[in-house]
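In what follows, a structure is listed as structure tokens, so that the remarks can point back to it.
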Amino acid sequence: MITMTDVSKEYRMGAETVHALAGVSLQIDGGDFVSIIGPSGSGKSTLMNIIGCLDTPTKGSYRLADEPVEGLSADRLAEVRNSAIGFVFQTFNLLPRLNALENVELPLVYAGVPSGERRATARELLDRVGLSDRVRHRPNELSGGQRQRVAIARALATKPRVLLADEPTGALDTRTGSEIMDLLEELNRDGTTLVLVTHEPELAERARQVIRLLDGRVA
Amino acid sequence: MGRRSLWESMRMSGRSIAGSPVRAALTALGVMIGVASVISLVALGRGAQEEVAGGLQQLGSNLLIVYSGEPRGTALVRTNTSNIRPTLTETDLETIRGLPADMITYVAPATTANAQLKYENRNTVSTVIGTTPEYTEVRNLRPAYGEFFSESDVDSRSSVVAIGMQVYRDLFAPGTDPVGQRIRVNGISFRVVGVMEEKGDAAQDNSVLIPITTYQRRVSGDSNYAMIAIQAASPDVMRPLQATIEEHLLRLHRLPSMESADFYVANQLDLLATVEGVAGTFTLMLASIAAISLVVGGVGIMNIMLVSVTERTREIGVRMALGARRRDIISQFLTEAVLIALAGGLIGIAIGVGGSWAVTEFARIASHITPISIVAAFGFSIFVGLFFGGYPAWRASRLDPIEALRYE
Ligand SMILES: Nc1ncnc2c1ncn2[C@@H]1O[C@H](COP(=O)(O)OP(=O)(O)O)[C@@H](O)[C@H]1O
Ligand SMILES: [Mg+2]
């Protein structure tokens with residue numbers, strides 16, 4: 001599903017070059033559950049951004065579902081993100097003016113799905129994450145755990161093959177966090193590839209494969 | 001962009017506008033004021049133009065006037081010619097009368113002098129015009145009371161007078177019937193046969209008209225005319241007619257060219273063209289002032305849209321992560337700018353139309369709303385939205401998704 005070979009990401013900061021990633025190779029199979037762990041600044045988010053096609057490597061090759069991602073135009077990358085990737089962020093990143101249903105519909109809007117079909121799919125997904133009684137609520141009318149559930153439903157809207165979760169429990173209390181983890185694991189058992197970024201070893205251990213990053217390298 | 005995605009953009013923009021209605025209203029205000037001023041100033045300009053042109057038509061239609069002497073000023077009608085030595089002869093008049101009927105409808109000679117009027121113990125200063133009944137046709141004059149003098153009055157050199165409305169007011173107590181009363185014109189007794197309708201032209205309203213023959217016999221003694229007023233058969237023949245008249249009179253007066261002529265022809269077409277030119281420039285000036293305010297309104301939109309893009313950087317990042325392409329972001333912000341500009345434009349059109357109406361209704365200032373100015377204002381507000389929303393929208397679409405997502 002995901003193959004990275006010797007991927008580097010460099011940032012130029014004046015005269016200095018920061019190596020956010022320095023030659024990372026990894027392989028993630030379809031349906032896998034992989035966690036990426038490492039101290040702050042080790043390159044976890046950079047790696048996630050490249051996997052999620054938000055960013056492209058400076059060096060090395062990245063193939064998503066056997067397709068090379070290098071050299072894709074900004075619009076092609078947007079289409080790949082839309083159809084193949086679902087993002088779950090630490091701070092949820094729901095649009096505050098839209099209600100839960102509309103937030104979940106958003107990726108389908110960009111996929112060009114007609115409004116009726118969109119609504120039906122979004123309702124189904126909110127039902128799936130246990131929020132069928134909160135569809136008309138706006139993010140600020142929901143608890144942190146509920147917001148993250150909406151975000152997960154949104155990530156699933158286009159039935160992507162890969163779910164990328166960057167510290168998804170970082171802003172939640174332990175109990176809610178563990179409920180969210182349960183939900184993500186359940187989705188993984190149903191076939192979605194799950195990539196989890198965390199700095200908590202207990203969470204990382206729940207994955208089938210653990211990738212440890214240190215200073216931009218796989219340790 | 002498909003119909004569906006345009007609809008989606010409009011829904012999203014509607015959301016965003018509804019989310020901060022006060023800001024949207026303030027943003028639209030600039031375009032609103034711009035459009036309102038375009039509409040109302042152009043309406044006022046057009047109104048002024050039509051009023052002046054209408055006033056010119058009031059003087060008479062297809063009007064040519066042959067004057068004695070050299071060209072003076074640009075006035076078409078000179079009611080008082082007392083300072084001109086009359087050079088137009090009976091032969092000149094007959095020659096002009098003899099021109100074909102498809103060129104000339106009416107011809108009337110006229111000569112004028114200052115006049116001291118007296119009725120009972122009231123006095124007024126006026127102008128006396130000696131002419132023929134055809135003068136009323138040429139100059140578009142109609143009696144309000146009584147009637148104008150007749151051809152037989154001209155033939156018999158009757159001492160009859162038709163007075164202007166202002167003269168009537170100055171000499172007679174309100175409600176008095178002047179017809180049949182005798183007034184003195186420069187000491188000579190005349191019988192009033194009628195009062196002419198008010199023209200709004202002070203010189204005309206303050207004049208009195210008597211038969212040309214009576215004038216020549218009793219007022220001046222000169223057998224020449226100061227002017228010959230002509231109504232051409234149609235606007236198309238006015239220029240050829242002017243040329244024909246000049247040619248004939250030059251020959252009769254034994255003169256080589258118009259440069260040395262002792263007469264000249266004033267043509268209503270020239271005056272209309274001048275007036276419309278001036279009024280057109282005036283309208284254009286008003287329109288450009290208004291257009292500047294529309295541009296200022298557009299800059300206001302650009303400013304707010306740039307602020308809005310910055311504020312919504314994170315939202316843009318999220319949308320990009322979820323699969324929004326650059327064109328989706330562009331169309332979202334562009335649609336928002338156009339909707340705001342259009343709303344401002346529509347309200348501006350309403351205010352402009354209402355304002356022009358009110359100015360005409362309550363201040364009696366002429367205005368004329370032309371459909372083209374409404375269509376233009378409408379189109380212009382869409383254009384302003386596209387043009388001034390374009391850069392902010394482009395900026396939004398060029399954001400780096402990662403940077404945008406990290407933006408606090
Ligand atoms: N846009 C950037 N410009 C410069 N340096 C960056 C940028 N993004 C990340 N970095 C650097 O790259 C390194 C890895 O960052 P990141 O992937 O965010 O780490 P993590 O998510 O593991 O905390 C850090 O040293 C960070 O400062
Ligand atoms: Mg990070």
Between the stretch A:145-219 and the stretch B:367-394, what is the separation of their alpha carbon centroids in Å?
50
From the Cα gyration tensor of the stretch B:277-380, with a ≥ b ≥ c the square roots of its eigenvalues, which class applies: rounded if a/c is under 1.5, or else prolate if a/b is larger than b/c, or else oblate?
prolate
Whole-Hz ³J(HN,Hα) from phi, Karplus 6.51 cos²θ - 1.76 cosθ + 1.60, for the stretch B:266-280, glycine and proline x
8, 10, 4, 4, 4, 5, 4, 4, 4, 4, 5, x, 4, 5, x
Contact-by-burial set, the stretch A:43-75, min loss 50 Å², accessible area of protein heavy atoms with 1.4 Å probe, reference chain alone, gives A:L54, A:D75
Taking a point 7 angstrom from the Cα of B:S82 along the C-beta vector, which residues in the stretch B:109-150 have backbone N less than 20 Å away?
B:110-120, B:122-132
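Can you tell me the alpha carbon radius of gyration of chain A divided by the globular rule-of-thumb value 2.2 N^0.38 Å?
1.01
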Using only helices, what value at 222 nm comes out for chain B when you add -39,500 (n - 2.57) per DSSP H run of length 4 or more and divide by the total residues, to the nearest 500 deg cm²/dmol?
-18500 deg cm²/dmol
Let me cross-check A:K44: its accessible surface, 1.4 Å probe, with only protein heavy atoms counted, in Å² to the nearest 10?
20
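Once the cut-off is 40 Å, how many percent of the Cα-Cα pairs in the protein assembly as shown end up in the long-distance tail?
I get 56 percent for the Cα pairs in the protein assembly as shown exceeding 40 Å.
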What is the projected area of the convex hull of the Cα atoms of chain B, averaged over all directions, in nm²?
28.5
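Between B:E70 and B:R217, what length in nm is gained on full extension when 0.36 nm per residue of separation is reduced by their alpha carbon distance? Present the calculation step by step, with values, prior to reporting the outcome.
Values: separation 147, 0.36 × 147 = 52.92 nm, distance 2.61 nm.
Once the chain is fully extended between B:E70 and B:R217, it gains 50.3 nm.
Per the Kirkwood treatment, what hydrodynamic radius in Å, one decimal, follows for the stretch B:126-176 from the mean inverse distance over all distinct Cα pairs? Before the final figure, lay out the partial values.
On the way: mean 1/r = 0.0820 Å⁻¹.
One over the average 1/r among Cα pairs gives 12.2 Å for the stretch B:126-176.
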In whole percent, the fraction of accessible protein surface over the stretch B:63-233 that belongs to carbon or sulfur atoms, probe radius 1.4 Å, stands at 45
GNM on chain B, Cα springs under 10 Å; top mean-square fluctuation among B:G34, B:G352, B:G200 goes to B:G200
Considering the dipole of the stretch B:63-233 built from charges on the beta carbon (Lys and Arg +1, Asp and Glu -1) around the Cα centre, which of B:N80, B:N121, B:S189 is farthest to its positive end?
B:N121
Taking a quarter of the surface of the convex hull around the Cα atoms of the stretch B:55-193, what do you get in nm²?
9.6
Residues of type lysines that A:K59 reaches as a straight line, Cα spacing below 22 Å, ignoring anything fewer than 8 places off in the same chain:
A:K9, A:K44
Give me the extension gain from A:S83 to A:D215: residue separation times 0.36 nm, minus the current Cα-Cα distance, reported in nm with one decimal.
44.4 nm
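Take the eigenvalues of the Cα gyration tensor for the stretch B:218-337, scale each by 5, and report the square roots as semi-axes in whole Å, largest first.
Numbers: eigenvalues 1044, 48, 25 Å².
Ellipsoid semi-axes (Å, largest first): 72, 15, 11.
From largest accessible area down, sort B:M165, B:M10; use a 1.4 Å probe on the protein chains. Present the calculation step by step, with values, prior to reporting the outcome.
Details: B:M165 25, B:M10 70 Å².
Solvent-accessible surface, decreasing: B:M10, B:M165.
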Using alpha carbons only, how many angstrom separate the centre of the stretch A:51-129 from the centre of the stretch B:206-260?
89
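Given a cut-off of 26 Å, what percent of all Cα-Cα pairs of the stretch A:1-117 lie beyond it?
Numbers: 2028 of 6786 pairs.
Of all Cα-Cα pairs in the stretch A:1-117, 30 percent lie more than 26 Å apart.
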What's the percent breakdown of Cα-Cα distances in the stretch B:88-131 across 10 Å bins, shortest bin first?
22, 33, 21, 17, 7
Over the C-alpha atoms of the stretch B:55-135, what are the Rg and the largest Cα-to-Cα span, Dmax, in Å?
15.0, 50
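The values are calculated or read from the model by the stated rules, or taken from the named source; none is laboratory data. Remember, it's a predicted structure, so these values are computed and weren't measured experimentally. Glycine gets a Cβ as well: all are built from the backbone with ideal geometry, and neighbour counts include every protein chain shown. Only protein heavy atoms, including side chains, enter the accessible area calculation; ligands, DNA and RNA are left aside. Shrake-Rupley method; radii C 1.70, N 1.55, O 1.52, S 1.80 Å.
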